[in-house]
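This report refers to the structure that appears directly beneath it.
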Amino acid sequence: MKRLLAYILIMGLSAATLTACGSEPEAVEDEPVITDEVEELPEIQEPVGEDTTAPVVEWTSDVLFTNSLNAKAAAGILSYTDDSDCTVELSRFTKLSNLETLDADKIQSYTDSLNKNTQDELLAMPSNKAAGEGIYRAVVSVEDAYGNVSAHEILVVYDKTAPEIGGIANRTVVQANASSEPQVDLSGLTITDNVDGEMDASSLSAQLELKDEAKHVYEMHVSVKDRCGNEAIDHFSITVESEQPEANTTTASAEQNTTASNNSANTNNNKQATQQAAQPVQQKTVQYQTTTTFNMAEGTLFNENMAQAVLPIINQRRADAGLPALTWNNDLTTVAKVRSLEIVSNFEHKRPDGREFSSALDDQHLSYGVAGENLACGQTSADAVMTEWMNSQTHKDNILRKDYKKVGIACYYDPTTTYQYYWVEVFSD
């Protein structure tokens, strides 16, 4: 009964207050009737006993890589179980070092120094915050609604600097159909981070956007995130051009006498790969070593310097891919020179007499398990021809094939022809 009367008195005071304040009370037809009937109210459940159990926390890592020092970041390396809601806190920072490149060994040395003291000792440490980017020890605490706390010291790598993407440059891709979306090789891009160090290009995310359909111009958007979540974004344009009629790159196996065909890069312009009829010129005979005699026109030559300039570029590309260097081989160079003369009038991997290119190695009595050939014409420098070959997947596959150990390279120059420069690479194991 007392509980019900108290309720009605409060309502009465509210009405009186409204009247005193000058507000006009609404008309009431009937006054409230007080009865002896008491409404049964639900009983209030008082907590039984006291919760003295700390949250059960599973720490999924002792290292937090982050660009934001907040509870949400800290909660990403733990999970907890408790009967009440919990609060996660990250504090009590002790700076160990400025940011540096961290490999597994360095991370291990830092985590070995983490404080293994009891929770009470950890929570007794000053509740200070981090002072800028750096490598810290810090305490993560999980507190339930009753004040019970679980605490753990972790390593915090606090970094707000994004990686740097190198090698970004506009490029031209030569392929059979200029209207087709290009296949872009991103392996030449480099990624450097102040904490992660040299990152692999495979960690890049890429999106190709068509910018000018008529001119076959695309834009490649690339992005990469480091372990702390900092993102670098960059882009470059790609122009697609049609390549010349293709020849097949043939890789021959001496033991099995089988072949596998790939595509070959040809010229660096859009003319047809057919040769203009040359005017009759005086011929000259050049003997190379003791195995081959070349019948060459006057004014033509094998440009040894340009051919040899290709080798260091090959070996740099192989080194970038983690492959051993190729060695220059004079016998294979003889084969390359033979083939460079042949492709002036017959730009394909089959020789003028219909035999496979690998028969040129047989003619020199060379033994091999596997061999390959790359052809090109029209390029006026080693850099230009290597760019063409590396932008063609099948030629790149030849250059980066791990089975190969040596190479011969020829650059034949004939000013009376359409393309003037004729390039051949011959590889073998």
Sort through Leu69, Leu78, Leu114, Leu102 and tell me the only one that's touching a Gly at 6+ places or on another chain (Cβ under 9 Å) and of a type in the set (A, V, I, L, M).
-> Leu102
Conditions (1) hydrophobic (A, V, I, L, M, F, W, C); (2) in contact (Cβ under 8 Å) with a residue 24 or more places away in the chain; (3) surrounded by 13 or more Cβ atoms within 10 Å (Cβ to Cβ) -> Ala206 fails only (2)
Of the residues Thr418, Thr387, which single one is assigned to a loop (DSSP other than H, G, I, E, B), in contact with a Lys or Arg (Cβ under 9 Å, 6 or more places away or on another chain), within 21 Å of Asn303 (Cβ to Cβ) and open to solvent by 10 Å² or more (accessible area, probe 1.4 Å)?
-> Thr418
Going through region 322-331 in order, the residues found to be closer than 19 Å to Thr190 by Cβ and open to solvent by 60 Å² or more (accessible area, probe 1.4 Å) are Gly322
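Table: residues versus (1) touching a residue at least 60 places away in the same chain (Cβ under 8 Å); (2) under 20 Å from Thr394 (Cα atoms); (3) among the hydrophobic types (A, V, I, L, M, F, W, C).
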residue: Thr292; (1), (2), (3): yes, no, no
residue: Met306; (1), (2), (3): yes, no, yes
residue: Leu311; (1), (2), (3): yes, yes, yes
residue: Ala319; (1), (2), (3): no, yes, yes
residue: Ala325; (1), (2), (3): no, yes, yes
residue: Asp331; (1), (2), (3): yes, no, no
residue: Thr334; (1), (2), (3): yes, no, no
residue: Lys337; (1), (2), (3): yes, no, no
residue: Leu341; (1), (2), (3): yes, no, yes
Any chance region 99-110 includes a residue that's in contact with a Ser or Thr (Cβ under 7 Å, 6 or more places away or on another chain) and either over 15 Å from Ser141 (Cα atoms) or in contact (Cβ under 8 Å) with a residue 40 or more places away in the chain (or both)?
-> no
Here are some conditions: (1) within 20 Å of Cys228 (Cβ to Cβ); (2) open to solvent by less than 30 Å² (accessible area, probe 1.4 Å); (3) outside any loop (DSSP other than H, G, I, E, B). Leu114 meets all but one. Which one does it not meet?
-> (3)
Could you check, for region 154-176, whether at least one of its residues is touching a Leu at 6+ places or on another chain (Cβ under 8 Å), open to solvent by 10 Å² or more (accessible area, probe 1.4 Å) and on the phi > 0 side of the Ramachandran plot?
-> yes
Considering (1) open to solvent by 10 Å² or more (accessible area, probe 1.4 Å); (2) under 28 Å from Cys86 (Cβ atoms); (3) in contact with a His (Cβ under 8 Å, 6 or more places away or on another chain), say which one Ile233 fails and leave the rest.
-> (2)
In this structure, is Ser179 in a loop (DSSP other than H, G, I, E, B) and not basic (Lys, Arg)?
-> yes
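The values are calculated or read from the model by the stated rules, or taken from the named source; none is laboratory data. No experiment lies behind these values; they were computed from the predicted model shown. Neighbour counts are summed over all protein chains in view; Cβ atoms, including those assigned to glycine, are modelled from backbone coordinates with ideal geometry. The area values use the complete protein model at the heavy-atom level, side chains included, leaving out ligands, DNA and RNA. Shrake-Rupley method; radii C 1.70, N 1.55, O 1.52, S 1.80 Å.
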